[in-house]
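Participant: My questions will all concern the structure given below.
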Amino acid sequence: MRFNRPWKVVSIADGPLELQLLGSPTQGLQASMSLHFQLKSNSEILGEWFQPVGIKLWSSVWIAPNVIRRGTPLSEIEPLQDRRDLIGIQEALLQLPENLGAWEIGESMNSGQVLTRRSIRLRTVIARGAMVDGIVRSGRMEITAKVEALEDGVPGQLIRIRNVRTRHEMRGRIESEGTVIIPL
């Protein structure tokens, strides 16, 4: 944090000082904002001020080592770490997921671009246009039919599918690679 305008010198006695913020910023931390604070010494209030400040929030983040295409498995790239100011970066990825093989890049990235929670996604296990097994379960009964995936999807996601024989469209939840559960 740095002051955006010169600070007027205030004479105070030696001893422990306490700086207390009066009110919190309504819109969270921003690169440029005003702080309202008071200074105390041994429970005696020395003064109250408004001061415009510039703020930087430095942290180690993961960045793209080179240009990366959408859909590239996270396990195939070697992200680099760099210190960046997080104030202007939304949802920066501070820690890589444990199972890198289950994740992929969700958007094309340039070299040096910060990885965010939005720039990675679970690896697509069913691609649009793929023929997969559609399973309807009811108790012990199980019916399987070949269906066409009309959308890309990850495990647990609800996607549109089409029965190959009847051309009837419905929705199904992806269970695994090549398998969709169709709710009754």
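Participant: Going through ILE89, ILE77, ILE68 one at a time, which residue ends up being closer than 30 Å to GLY23 by Cβ, assigned by TED's automatic domain parsing to the domain that holds MET109, surrounded by 13 or more Cβ atoms within 10 Å (Cβ to Cβ) and touching a strand residue (DSSP E or B) at 6+ places or on another chain (Cβ under 9 Å)?
Facilitator: ILE89
Participant: Go through segment 83-101 residue by residue and tally those that are in contact (Cβ under 8 Å) with a residue 24 or more places away in the chain and either more than 17 Å from the chain's Cα centre (by Cα) or more than 30 Å from SER32 (Cβ to Cβ) (or both).
Facilitator: Residues that pass the stated criteria total 4.
Participant: Considering only segment 32-53, I want to know if a residue exists there that is outside the structural domain of GLY153 (by TED's automatic domain parsing), polar (S, T, N, Q), closer than 27 Å to ARG118 by Cα and surrounded by fewer than 16 Cβ atoms within 10 Å (Cβ to Cβ).
Facilitator: Among the residues of segment 32-53, at least one is outside the structural domain of GLY153 (by TED's automatic domain parsing), polar (S, T, N, Q), closer than 27 Å to ARG118 by Cα and surrounded by fewer than 16 Cβ atoms within 10 Å (Cβ to Cβ), which makes the answer yes.
Participant: In addition: Among the candidates LEU35, LEU80, LEU74, which residue alone is in contact with a Phe, Trp or Tyr (Cβ under 9 Å, 6 or more places away or on another chain) and under 29 Å from ALA149 (Cβ atoms)?
Facilitator: Going through LEU35, LEU80, LEU74 in turn, just one is in contact with a Phe, Trp or Tyr (Cβ under 9 Å, 6 or more places away or on another chain) and under 29 Å from ALA149 (Cβ atoms): LEU74.
Participant: Which residue pairs have Cβ atoms closer than 9 Å, lie 6 or more positions apart in sequence or on different chains, and pair a first residue in segment 12-31 that is assigned by TED's automatic domain parsing to the domain that holds PHE50 and assigned to a strand (DSSP E or B) with a second residue that is among the aromatic types (Phe, Trp, Tyr) and modelled with pLDDT of 85 or more?
Facilitator: Final answer for the pair search is LEU19/PHE37; GLN20/PHE37; LEU21/PHE37.
Participant: Is there a residue being closer than 29 Å to LEU29 by Cβ and either surrounded by 15 or more Cβ atoms within 10 Å (Cβ to Cβ) or in contact with a helix residue (DSSP H, G or I) (Cβ under 9 Å, 6 or more places away or on another chain) (or both) anywhere in segment 124-147?
Facilitator: No: segment 124-147 contains no residue that is closer than 29 Å to LEU29 by Cβ and either surrounded by 15 or more Cβ atoms within 10 Å (Cβ to Cβ) or in contact with a helix residue (DSSP H, G or I) (Cβ under 9 Å, 6 or more places away or on another chain) (or both).
Participant: Continuing with this model, one more query. Considering only residues that are more than 29 Å from the chain's Cα centre (by Cα) and within 28 Å of GLY106 (Cβ to Cβ), which ones fall in segment 148-184?
Facilitator: GLU148, ARG162, GLU169, MET170, ILE182, PRO183
Participant: Please verify whether segment 128-147 includes one or more residues that are without any contact (Cβ under 8 Å) to a residue 40 or more places away in the chain and within 24 Å of the chain's Cα centre (by Cα).
Facilitator: no
Participant: Could you look through segment 144-156, keep only residues that are farther than 13 Å from ALA127 by Cβ and of a type outside the set (Gly, Ala, Ser), and pick out the one that is modelled with the lowest pLDDT?
Facilitator: Among those that are farther than 13 Å from ALA127 by Cβ and of a type outside the set (Gly, Ala, Ser), it is PRO155.
The values are calculated or read from the model by the stated rules, or taken from the named source; none is laboratory data. Remember, predicted model here, so these are calculated numbers, not experimental data. Heads up, the Cβs are rebuilt from the backbone with ideal geometry, glycines too, and the neighbour counts pull from every protein chain shown.
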